[in-house]
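Peer 1: Just passing along the structure, written as structure tokens.
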Amino acid sequence: MKQFLKILSLVVVVMMACSLLIQSAEAQCKYQHEKKIIMGFSQIGAESAWRAANTDSIKAEAEKRKDCFELKFSDAQQKQENQIKAIRSFIAQGVDVIAFSPVVESGWEPVLQEAKKAGIPVILSDRAVDVQDESLWVTFMGSDFVEEGRRSAKWLVENYEKVKREDKSMDEVNIVELVGTVGSAPANDRYEGFREVLKDYPNFKILATQSADFTRAGGKQVMEAFLKAHGDKIDVVYGHNDDSALGAIQAIEEAGFKPGKDIIIVSIDAVRGAFEAMVEGKLNCTVECSPLLGPQMFDAAEDLMQGKKIPRRIVTQEGVFPMEVAEEVLPTRKY
Ligand code: GZL
């Protein structure tokens, strides 16, 4: 009998140890925290496939770390005033940390001063803000948008002659530009980076530039206007994101031109839709801008709550995907 009880208690101990191991594996938290961390996150909206993937990454990570986080998520429908309202609400609720993706660069000083006064640290996710007082935010994680603009222009000047329609000349390459959301960091920086490279190639000219607000509908509408004004004079479309470029592709086809052949298209994000368009030969190159920021953001928040120092800038590593690799790469894409 004694032997049996000994074996039974051994089995119970082993089972408890296994269940603790499984729980900790599921927890995915970096540390054991005294209490759950309450994070308020203000998301811009759902304007593009990139944004949807970004939201999925954040919510999936919050779920993985539900043992140590409670996420309060707010969608601003692309309005700054809604983001400011959400941040004020997070402050009133006394959250432990605020994170947000600022829809535009300016106009954040007052509300971030209120967060600072309340002693709540702020994490910038995806996009930066333009404030005098740099102590208003602890870290900015996201892509280097100026570099994405440079990479778009570098791919174009290095490959245009190879991919252009045979009768098109190299003497003057006319580009139309679909700019992102007016005043946003990605739009400002991609605009700058593209021109920084192009200034050394005077035959590449920007014929027209207009905001398409990072949306497919915006891209289609603006491209229809460009085609009406310039028609076959247009040689290239530079889209600040894939969604606006995909909208432009629709307009180009409806106007009777072949996207990817009559008009060369380069855009930014590297979302699934861009790879599918490249496989169909309708888009020529996409420059990666990863939305999968959830893990980094929650790591930073955990480190913060542990009193650890975190880098002021966390840059996401990204690539460039031309049409010729699309078929092979598409199955590996996570967004
Ligand atoms: C970039 C992100 C931009 C994407 C767009 O980090 O802020 O916003 O490029 C999205 O697709 O709408």
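Peer 1: Tell me, please, whether a residue that is surrounded by fewer than 21 Cβ atoms within 10 Å (Cβ to Cβ), in contact with a Gly (Cβ under 7 Å, 6 or more places away or on another chain) and hydrophobic (A, V, I, L, M, F, W, C) can be found in the range 170-184. Explain how you work it out, then say what you get.
Peer 2: So in the range 170-184, the residues surrounded by fewer than 21 Cβ atoms within 10 Å (Cβ to Cβ) come out as 170-172, 174, 182-183.
Okay, now just the ones that are also in contact with a Gly (Cβ under 7 Å, 6 or more places away or on another chain), so none.
Within the range 170-184 (the criterion being surrounded by fewer than 21 Cβ atoms within 10 Å (Cβ to Cβ), in contact with a Gly (Cβ under 7 Å, 6 or more places away or on another chain) and hydrophobic (A, V, I, L, M, F, W, C)), the answer is no, since none of the residues qualifies.
Peer 1: Can you tell me which residues in the range 113-164 are over 24 Å from Asn203 (Cα atoms), surrounded by 15 or more Cβ atoms within 10 Å (Cβ to Cβ) and among the aliphatic types (A, V, I, L, M)?
Peer 2: Ala115, Ile120, Val122, Ile123, Leu124, Ala128, Val129, Val131, Leu136, Val138, Met141
Peer 1: Now for a different question. Answer yes or no: is there a residue in the range 323-334 that is over 25 Å from Arg216 (Cβ atoms) and under 16 Å from the mean Cα position of the chain (by Cα).
Peer 2: no
Peer 1: Also: From Lys233, Lys261, Lys228, Lys282, grab the single residue that is in contact (Cβ under 8 Å) with a residue 60 or more places away in the chain and farther than 22 Å from Asn188 by Cβ. Full working, then the answer.
Peer 2: Working: Lys233 fails: in contact (Cβ under 8 Å) with a residue 60 or more places away in the chain; Lys228 fails: in contact (Cβ under 8 Å) with a residue 60 or more places away in the chain; Lys282 fails: in contact (Cβ under 8 Å) with a residue 60 or more places away in the chain.
So the residue among Lys233, Lys261, Lys228, Lys282 that is in contact (Cβ under 8 Å) with a residue 60 or more places away in the chain and farther than 22 Å from Asn188 by Cβ is Lys261.
Peer 1: Mind checking which residues of the range 192-225 are among the charged types (D, E, K, R) and either under 17 Å from the mean Cα position of the chain (by Cα) or within 12 Å of the ligand (Cβ to nearest atom) (or both)?
Peer 2: Asp213, Arg216
None of the figures in this text is laboratory data; all of them are computed from the coordinates on show. Bear in mind the structure is a predicted one, so any value in this text is a computation, not a measurement. Because the Cβ atoms are built from the backbone with ideal geometry, glycine has one as well, and the counts that use them run over all protein chains shown.
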